[in-house]
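Take a look at the structure below.
The values are calculated or read from the model by the stated rules, or taken from the named source; none is laboratory data. All of these numbers come straight from a predicted model, not from anything done at the bench. Note: ideal-geometry Cβ built from the backbone for every residue, glycine included; neighbour counts use all protein chains shown. Keep in mind that these areas ignore ligands, DNA and RNA; they rest on the heavy atoms of the full protein, side chains included. Shrake-Rupley method; radii C 1.70, N 1.55, O 1.52, S 1.80 Å.
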Amino acid sequence: MRLIIDTDTAGDDAFSILLALKAPHVTLEGITICNGNVPFDQQAENALYTLEVAGAGGTVPVYKGCPLPMLRKPVDATEFFGADGMSDANFPMAAQRPEAGHAVDFLIDTIMSNPGEIEILAQAPLTNIATAWVKEPRIADNLKHLWVMGGLDNSIGNTTPASEFNFYVDPEAAKIVVNAGFRLTLSTWTLTMSSGLLPDEKLRVIEAMDTPLSRFFMTISQAPFKRTEMRYGRPLSTHPDSLTCACAIDPEIMLEVADCLVDVETQGELTRAYSSICTPLTAEEAEIDFLWPSAPANARVIRKADTNRFADMLIAALAE
Ligand code: BDR
Ligand code: CA
């Protein structure tokens, strides 16, 4: 599998990069940085440090992409991840530096020169992917698969009641991407809350391993632990991005999927970035529910994942 990860590297984004690095059948072709969780350049530093701590410094190019959303003011998640996105660990600067080119050009060039070969895991706001598509729409046909972490599958959000963070930051980009004709699998925040919370016993295993990567995991999890304890009454280890990566590299982790019609709200007052997700209606149903969206499915939505299989993949990746 030839994979590019588009990321706003902070916390769980880093675990996703580790999973891809440690999967023997995955070649990580590049990492592209998009606006999102924490200050833009810091996200590139976090990706570079993650490569270094995993023993992969200098082996995977890191490209900086779009530092701002398309229309909206930037929104970050420093309160959740810490000012540096890594629970204020203030890691040293990695030896590897970002590449000179722009992430959007790297995405287009890599996809177009390898038709049908490249998959993208988009685990940030979708500004880079949407911009790449606007610049070269043929990437939709030439990309093998687009895995997106974003949106809500008819549940409450993590950013507003109606929205998930990645879609909320750049709703216009999300709308462009889901309607662009990519072969697309969507992993939502709803899935994170049902299948992407690391069970306590698995967390204890990671804590006890005491390897460089398990220590890295525990260090950068501290701010999210504190924040989720305030919000949910107990610390949670949430894995939106790493669960999505796990599904991409081991499809057996997906226990239930549905072909759905997905769109994104860009106009609402209280519903900025609300993701409308439904299964397409039959012709008979469409006659009854005539205001229901009636286009064909444009995404496969993951509805249930194997939490233990995912957790064991993560544990194996952190074992060094
Ligand atoms: C998503 O938002 C970000 O804060 C996380 O990195 C993840 O990609 C979850 O809503
Ligand atoms: Ca992310």
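Roughly how many percent of the accessible protein surface of the chain is carbon and sulfur, given a 1.4 Å probe and a whole-percent answer? It would help to have the intermediate numbers written out before the result.
Values: 7100 of 13210 Å².
Carbon and sulfur: 54 percent of the exposed surface of the chain.
With a sphere of radius 12 Å drawn around the Cβ of ARG97, what net charge do the other residues whose Cβ falls strictly inside it have (Lys, Arg +1; Asp, Glu -1)?
Numbers: positive: LYS64; negative: ASP41, GLU45, GLU52, GLU99.
That sum, taken over residues with Cβ under 12 Å, equals -3.
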Between the range 207-230 and the range 106-148, the alpha-carbon center distance in angstrom | 32 Å
Using θ = phi - 60° and the Karplus curve 6.51 cos²θ - 1.76 cosθ + 1.60, what whole-Hz ³J(HN,Hα) does each residue of the range 211-220 get, with Gly and Pro shown as x?
-> 9, x, 6, 5, 5, 4, 4, 5, 4, 7
Relative compactness, the range 1-123, computed as alpha-carbon Rg over 2.2 N^0.38 Å = 1.01
Share (percent) of C-alpha pair distances in the range 113-170 greater than 14 Å works out to 60 percent
Set Lys and Arg Cβ to +1 and Asp and Glu Cβ to -1, take the dipole of the range 12-75 about its Cα centre, and tell me which of LEU68, ALA44, PHE15 lies farthest positive.
-> LEU68
Using a simple charge model, +1 on the beta-carbon of Lys and Arg, -1 on the beta-carbon of Asp and Glu, nothing else, what dipole does the range 88-211 show about its Cα centre, in debye to the nearest 20?
-> 260 debye
How many angstrom lie between the C-alpha centres of the range 246-320 and the range 1-49?
-> 22 Å
Compare GLU201, GLU256, GLU287 by solvent-accessible area with a 1.4 Å probe and give them largest first, with all protein chains kept in place.
-> GLU287, GLU201, GLU256
Provide the packing ranking of 68-79, 183-194, i.e. peptides ordered by the mean count of other C-beta atoms within 10 Å per residue, highest first.
-> 183-194, 68-79
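Just want to confirm a number: the relative contact order over the chain, from Cα pairs under 8 angstrom separated by 6+ residues, in percent. Could you put the intermediate results ahead of the total?
Numbers: 727 pairs, mean separation 63.0, N = 320.
Value for the chain: 20 percent.
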From Cα coordinates alone, what are the radius of gyration and Dmax values for the chain in angstrom?
-> 18.5, 62
What nm value, rounded to one decimal, do you get for the distance between SER294 and ASP200 when each label is placed 7 Å out toward the C-beta?
-> 5.2 nm
State the percent of C-alpha pairs, over all pairs in the range 4-58, separated by a distance greater than 14 angstrom.
-> 46 percent
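Antiparallel DSSP bridges in the chain: what percent, to the nearest 5?
30 percent
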When all C-alpha to C-alpha distances in the range 198-320 are sorted into bins of 5 Å, what percent of pairs does each bin hold, rounded to whole numbers?
-> 2, 9, 14, 14, 15, 13, 11, 9, 6, 4, 2, 1
Using θ = phi - 60° and Karplus 6.51 cos²θ - 1.76 cosθ + 1.60, couplings along the range 226-242 (whole Hz; Gly, Pro as x) | 4, 5, 6, 5, 4, 7, 10, x, 8, x, 10, 9, 8, 10, x, 7, 5
Taking a 24 Å limit on the Cα-Cα distance, which of the listed pairs LYS202/LYS304; LYS22/LYS144; LYS64/LYS304 fall beyond it?
-> LYS64/LYS304
From phi via Karplus (6.51, -1.76, 1.60), per-residue ³J(HN,Hα) for the range 116-121 in Hz, x at Gly/Pro = x, 10, 9, 10, 10, 9
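Would you work out the charge dipole size for the chain about its Cα centre, treating the Cβ of every Lys and Arg as +1 and the Cβ of every Asp and Glu as -1, and quote it to the nearest 20 debye?
320 debye
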Evaluate the charge dipole of the range 1-144 about its Cα centre and quote only its size in Debye, nearest 20, assuming +1 on the Cβ of each Lys and Arg and -1 on the Cβ of each Asp and Glu.
-> 260 debye
Given a 1.4 Å probe, the accessible area of the chain per residue, as a whole number of Å², is 41 Å²
